[in-house]
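In what follows, a structure is listed as structure tokens, so that the remarks can point back to it.
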Amino acid sequence: MQLHRLFLPFAVGLFCSASLATQSPFAPKVSGPLSQRVVAYQIDAKYDPAQHTVDATETLTYRNLTGKPLDRFPFHLYLNAFQPKATWVREAHRDGGFRSSRVEEWDEKDFGSNEVTSFEVVGMGDLTKQMKFISPDDGNPDDKTVFEVRSPRPVAPGQEVQFKIKFRAKFPEVIARTGYKRTFLLAGQWFPKVGVWWHGAWNCHQFHALTEFFADFGTYDVKITLPKNYVIGATGVQTSDSDNGNGTKTVAFHAEDVHDFAWTADPDFKVIESEFDGSVGPVKIRLLSYTSHKSSWQRYVDVLKGTMQRFDRWYGPYPYAQITVVDPPHGGEEAGGMEYPTFITAGTEWFAFKGDHETELVAEHEFGHQYWYGMVATNEFENGWLDEGINSYSEVKVLDDMYGRNASSVNLLGAQEGDASVLRGYYLPVAETDSLSRPSYTDMSESSYSGVTYGKSAAMLLSLETIVGEQTLKNALHTYFMRYRFTHPTQEDFLRTVNEVAGRDLKWYWDQAVYGTQVFDYAVLRADSTPTNWYEEDATEKPGETMYETQVILQRKGDFVFPVEAEIKFDNGESIRERWDGKDRWVRYVYHKKAQVRSVELDPDHRITLDRNYLNNSYVTKAQRGATEKISTYWMFLTQLLAHLLSWLV
Amino acid sequence: MTEETMASTKEGLLAAGASLLWRRRGILWWVFAMNIALGAMGTLPAAMQLNKTLHHTLAGEQLFKGFDLGMFYELLRVPEVNLFRFKTSSYVFAVLFAVFMLFISGGILEVYRQDRRRIDTGDFFAASGAFFWRFVRLLLFSVVPFVFLGSLYQQIDKFSDYVGDKVVTDQISFVIWLAGMIIVVLLALFVRLWFDIAKVRAVVLNKRRMWPNMWHACVITVRQLGTLLWMYLRISLVAWTTLLVAFLIWTKIPPTAIWATFVLLELVMLVQLGARLWQMASATVWYKRQAEAVPADFMDFTTPQPQEMPEPEPQLTLYPETELPPADA
């Protein structure tokens, strides 16, 4: 979708619900519409905290921009995934769990549901009885996460249709980005949501354990009635808050040019507010947290400001008026680390050490999704790497810039780890399982999905920097964001943009790194020096005088072909860098010098994180014992301590 | 007269125990040496493999000049290096050390009981051997309370999780868990104390039947719980505080100063082992003082049961039932 089409004026009042809004959902220098606004949701919901249920009426206005008459409409009912025979539970059980949820035994607390009690198409009557559950992905007859209805007559291109839906949502105890914990509720994927007409067909996948979501842009006007002691936060901006006089209140929210709506509530929430002054004006940061997490409040604010500032400068402006950050309570971690438009959930601990940047990492990552998912709304079911992978790459860039490249994840008690290394840790065990281009929901397992989608994607982009340069890739992401924000681009759109900005065809790279499963492993096979006069009987070696022949052999052990650089150091302090196209299985370099080789190192700047084995990337002629002695010292101490503890018992 | 009895019996138990530990410090050196030796043997296979993998690669620099967790993870991923593969070796040598400590406990307590100026190696090992199987029986008996404590810990953990699910204040579950842990640690100290008193009693009185001895020791420990537990707790606190101080010092040591780290860690081990021996020495001092302060029949706490066979004559002259030999004997 081209950008200029997004700003075409729409019929007044068609999709804009601004009459309800008293506050703009955008930053001061931004005015909508920013997207095509295919949908307009109006939801009136009532929350029952005792039952963890929501009873709601939903009015969905759908605008047919497909260019074809439509008489079939699929809808997501995501909460039905949390039922024993549903596809989500089957897959999570198969893979031994989902994130921190183990899904080994069924517990009634895990049960969730979306029950549609009434489905009416305005002007066409009540179609409740025509609702039919479908399972387009796996044919599972017990999966009720997608239903479809056929309208008695088609909706013509350019015309709109209105659905009036009554439903009840029952939330599970927090699992997979939604649910309750004690008085806390994260209401995600809670309402019937229409599928996306994409590339000439409906795209409405079942809810899978391995992937996330996909929806059309539009407007949301949501009223939520709940006990008045609850503190609430949601997508968009709050437009009203009225006391109903019966112990409840009704809070209204308004959002434009977003493709989902989530909300949270808890009477124990503390609200911390701050402001980021971006290129399109100030953006309110609204943090909902707990007193027990007080030590992390400033950390959240700092990392968000740092992240927003860098995204604004590197990729483009954040156009919304507000970002709401939810810090789930202890025990509610499964609600953490999730993104919804203008609304993210993070996560921290009571005793979060400052040198452990996990708190910052999660908040940064989820904010990054406002760009890679929120605005550049790729299909998460099919191309998870386009949001998670690009976002993980951005995460590395932001955190490295903020905390240092080698300590951006951990810098604690003498131990360090960079974020790139953390992501590489996901990728290494599954390096040859799934390609990035494989539909994400069909990946081999949860570890393969996360290893490939997050880890390999980030490694792929970080390694690409050695080919096109860091700044060029940054420019490419900027172009990609500005060009495809508020649309649903494909992976080809992304790859094409990088090619275009880099000014070269990178097909050879995409074929291996995106479409293929080739394994990247280059190694130093040999490095030694021999006196050139070795054949003389009484030859003696004299430093600085004897001539040596140095042989260096580099080897490509994997099937991934990539140009690599090697640094050869000699004992006279001389250093040489060689660049090998990496196509052959091996290459030999020979030097004649009055010096012996001291070390050879592939990728001396440590940029190629796709390389599967770092341990064979270098060779030192002089034995290195420091690391061995260090680890052995600690290992021995632990053995001694264990021995002492055992002896204490006897 | 022993040195301890020559000294003022009004000397505090901890000081008397520490003094005894220091006078018989040869034991500490031997225990420490054995701990180092077995620790080194347990580490050797892992160290050899690490050396084989890292000695010709620059990758180790990231572990030496700092500690790169990513590189460490990378190292663990290499099948032949995977350090967890070598944990069995550490376990084996740790168990060997525990068996060794069990074996020499009799000798240690006998030396502490006699408190002679010179330790006769032959006597030491003779006493070790004489009490070994009795202490094995005590160890088997002690499994029951220790398993109970393990089970109690699990229940506390479950309960704190349960409370965490229900209560509004999300830290309450942690507070419950922490309180539960303190109780478990105190109970564990009590069990250790109880069986230490049983061992001391077995050595001092040359008791052979461990079942009644264990129950007598239990009664003694419960009656003097405040004094004894406070004694053990203070020694433990010294050990834990040392650990904390060492940790703080460790954070200041440069990452490449391996020898300094080694020395610090070994000093920590020395203090930990010393604290354990200090507990044993203090328990011995306490028991001997009780023996001297109260009539012999009270020392046994209960009238001998009719079915109990009379104690056979001690085979070693090292175990007088009532009178302690003079220090210069």
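The values are calculated or read from the model by the stated rules, or taken from the named source; none is laboratory data. As the structure is a prediction and not an experimental result, all values here were calculated from the model. Cβ atoms come from the backbone with ideal geometry, glycine included; neighbour counts cover every protein chain shown.
Inspect all residues belonging to segment A:423-445 and state whether any of them is among the aliphatic types (A, V, I, L, M) and within 24 Å of A:Val258 (Cβ to Cβ).
No.
If you check A:Phe191, A:Phe167, which single one turns out to be touching a Phe, Trp or Tyr at 6+ places or on another chain (Cβ under 8 Å), away from every other protein chain (no Cβ under 14 Å) and assigned to a loop (DSSP other than H, G, I, E, B)?
A:Phe191
Going by what's in this entry, would A:Tyr220 be described as within 14 Å of chain B (Cβ to nearest Cβ) and touching a Phe, Trp or Tyr at 6+ places or on another chain (Cβ under 8 Å)?
No, not satisfied.
If you take the residues of segment B:158-169 that are more than 10 Å from chain A (Cβ to nearest Cβ) and buried (at least 16 other Cβ atoms within 10 Å of the Cβ), which of them is nearest to A:Asp268 (Cα to Cα)?
Step by step, filter segment B:158-169, then rank; the result is B:Val163.
Considering each of B:Ser90, B:Ser105 in turn, give the residue that is in contact with a Phe, Trp or Tyr (Cβ under 9 Å, 6 or more places away or on another chain), of a type in the set (S, T, N, Q), within 7 Å of chain A (Cβ to nearest Cβ) and surrounded by 23 or more Cβ atoms within 10 Å (Cβ to Cβ).
Result: B:Ser90 is the single residue among B:Ser90, B:Ser105 that is in contact with a Phe, Trp or Tyr (Cβ under 9 Å, 6 or more places away or on another chain), of a type in the set (S, T, N, Q), within 7 Å of chain A (Cβ to nearest Cβ) and surrounded by 23 or more Cβ atoms within 10 Å (Cβ to Cβ).
Within segment B:247-280, how many residues are surrounded by 15 or more Cβ atoms within 10 Å (Cβ to Cβ) and assigned to a helix (DSSP H, G or I)?
Total meeting the criteria: 20.
Can you go through A:Ser448, A:Ser457, A:Ser463 and tell me which one is more than 26 Å from A:Met402 (Cα to Cα), out of contact with any strand residue (DSSP E or B) (no Cβ under 6 Å at 6 or more places or on another chain) and of a type in the set (Gly, Ala, Ser)?
A:Ser448
Among the candidates A:Leu473, A:Leu412, A:Leu461, which residue alone is among the aliphatic types (A, V, I, L, M), in contact (Cβ under 8 Å) with a residue 24 or more places away in the chain and closer than 30 Å to A:Asp95 by Cβ?
Answer to the selection: A:Leu461.
For segment A:259-273, indicate whether the set of residues that are away from chain B (no Cβ under 14 Å), crowded, with 20+ Cβ neighbours inside 10 Å and farther than 25 Å from A:Ala40 by Cβ is non-empty.
no
For segment A:216-233, give me each residue that is part of a loop (DSSP other than H, G, I, E, B) and surrounded by fewer than 24 Cβ atoms within 10 Å (Cβ to Cβ).
A:Asp216, A:Lys228, A:Asn229, A:Tyr230
Looking at the structure I just gave you, is B:Phe135 over 24 Å from A:Glu333 (Cα atoms), crowded, with 16+ Cβ neighbours inside 10 Å and either away from every other protein chain (no Cβ under 14 Å) or over 23 Å from the mean Cα position of the chain (by Cα) (or both)?
It is false that B:Phe135 is over 24 Å from A:Glu333 (Cα atoms), crowded, with 16+ Cβ neighbours inside 10 Å and either away from every other protein chain (no Cβ under 14 Å) or over 23 Å from the mean Cα position of the chain (by Cα) (or both).
Does B:Ser142 count as under 19 Å from the mean Cα position of the chain (by Cα), buried (at least 16 other Cβ atoms within 10 Å of the Cβ) and not hydrophobic (A, V, I, L, M, F, W, C)?
Yes.
Okay, residues lined up against (1) without any contact (Cβ under 8 Å) to a residue 60 or more places away in the chain; (2) in contact with a Phe, Trp or Tyr (Cβ under 9 Å, 6 or more places away or on another chain):
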{"site": "A:Ala92", "(1), (2)": "no, yes"}
{"site": "A:Glu105", "(1), (2)": "yes, no"}
{"site": "A:Val116", "(1), (2)": "no, yes"}
{"site": "A:Gln130", "(1), (2)": "yes, yes"}
{"site": "A:Val161", "(1), (2)": "no, yes"}
{"site": "A:Pro172", "(1), (2)": "no, yes"}
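Spot the failing condition for B:Ser128; the list is (1) surrounded by fewer than 20 Cβ atoms within 10 Å (Cβ to Cβ); (2) of a type in the set (Ser, Thr, Tyr); (3) more than 8 Å from chain A (Cβ to nearest Cβ), and only one is missed.
(1)
Residues to consider are A:Val398, A:Val410, A:Val430; find the one that is closer than 25 Å to B:Phe247 by Cβ, surrounded by 20 or more Cβ atoms within 10 Å (Cβ to Cβ) and either within 13 Å of chain B (Cβ to nearest Cβ) or not charged (D, E, K, R) (or both).
A:Val410
Filter segment A:600-616 down to residues that are under 18 Å from B:Lys52 (Cβ atoms) and facing another protein chain (nearest Cβ under 7 Å), then give me how many there are.
Counting residues in segment A:600-616 that are under 18 Å from B:Lys52 (Cβ atoms) and facing another protein chain (nearest Cβ under 7 Å) gives 2.
Within segment B:73-86, does at least one residue satisfy the condition of being surrounded by 23 or more Cβ atoms within 10 Å (Cβ to Cβ) and out of contact with any Pro (no Cβ under 9 Å at 6 or more places or on another chain)?
The answer is yes; a qualifying residue exists.
For segment A:148-158, indicate whether the set of residues that are buried (at least 20 other Cβ atoms within 10 Å of the Cβ), touching a residue at least 60 places away in the same chain (Cβ under 8 Å) and either not aliphatic (A, V, I, L, M) or not in a loop (DSSP other than H, G, I, E, B) (or both) is non-empty.
Yes, segment A:148-158 contains at least one residue that is buried (at least 20 other Cβ atoms within 10 Å of the Cβ), touching a residue at least 60 places away in the same chain (Cβ under 8 Å) and either not aliphatic (A, V, I, L, M) or not in a loop (DSSP other than H, G, I, E, B) (or both).
In this structure, is B:Leu76 aliphatic (A, V, I, L, M) and either outside any helix (DSSP H, G or I) or more than 8 Å from chain A (Cβ to nearest Cβ) (or both)?
Yes: the conditions hold for B:Leu76.
Matching residues to (1) in a helix (DSSP H, G or I); (2) among the basic types (Lys, Arg); (3) over 30 Å from A:Arg313 (Cα atoms):
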| position | (1), (2), (3) |
| --- | --- |
| A:Arg483 | yes, yes, no |
| A:Thr497 | yes, no, no |
| A:Arg504 | no, yes, no |
| A:Thr517 | no, no, yes |
| A:Ala523 | no, no, yes |
| A:Arg526 | no, yes, yes |
| A:Glu541 | no, no, yes |
| A:Glu549 | no, no, yes |
| A:Ile553 | no, no, yes |
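Please verify whether segment B:40-58 includes one or more residues that are out of contact with any helix residue (DSSP H, G or I) (no Cβ under 9 Å at 6 or more places or on another chain), within 7 Å of chain A (Cβ to nearest Cβ) and modelled with pLDDT under 90.
no
Has segment B:46-66 got at least one residue that is basic (Lys, Arg), buried (at least 17 other Cβ atoms within 10 Å of the Cβ) and in a helix (DSSP H, G or I)?
No, segment B:46-66 contains no residue that is basic (Lys, Arg), buried (at least 17 other Cβ atoms within 10 Å of the Cβ) and in a helix (DSSP H, G or I).
Hey, does segment B:210-231 have a residue that's loosely packed, with under 13 Cβ neighbours inside 10 Å, of a type outside the set (A, V, I, L, M, F, W, C) and within 14 Å of chain A (Cβ to nearest Cβ)?
no
Only one of A:Phe119, A:Phe75 is more than 27 Å from the chain's Cα centre (by Cα), of a type in the set (A, V, I, L, M, F, W, C), more than 23 Å from A:Leu226 (Cα to Cα) and not in a loop (DSSP other than H, G, I, E, B); which?
Of A:Phe119, A:Phe75, the one residue that is more than 27 Å from the chain's Cα centre (by Cα), of a type in the set (A, V, I, L, M, F, W, C), more than 23 Å from A:Leu226 (Cα to Cα) and not in a loop (DSSP other than H, G, I, E, B) is A:Phe119.
Only residues in segment A:622-649 that are more than 7 Å from chain B (Cβ to nearest Cβ) and closer than 14 Å to B:Leu38 by Cβ count as the first member; pair them with residues that are of a type in the set (D, E, K, R) and crowded, with 20+ Cβ neighbours inside 10 Å, Cβ under 7 angstrom, at least 6 apart or cross-chain, and list the lot.
Listed pairs, sorted by first residue: none to list.
For segment B:16-38, which positions are at the interface with another protein chain (Cβ under 7 Å from one of its Cβ atoms) and free of Cβ contacts under 8 Å to residues at least 60 places away in the same chain?
Of everything in segment B:16-38, nothing turns out to be at the interface with another protein chain (Cβ under 7 Å from one of its Cβ atoms) and free of Cβ contacts under 8 Å to residues at least 60 places away in the same chain.
Can you find, within segment A:258-280, the residue that is farthest from A:Thr53 (Cα to Cα) among those that are among the acidic types (Asp, Glu) and assigned to a strand (DSSP E or B)?
Among those residues, the one meeting the criterion is A:Asp277.
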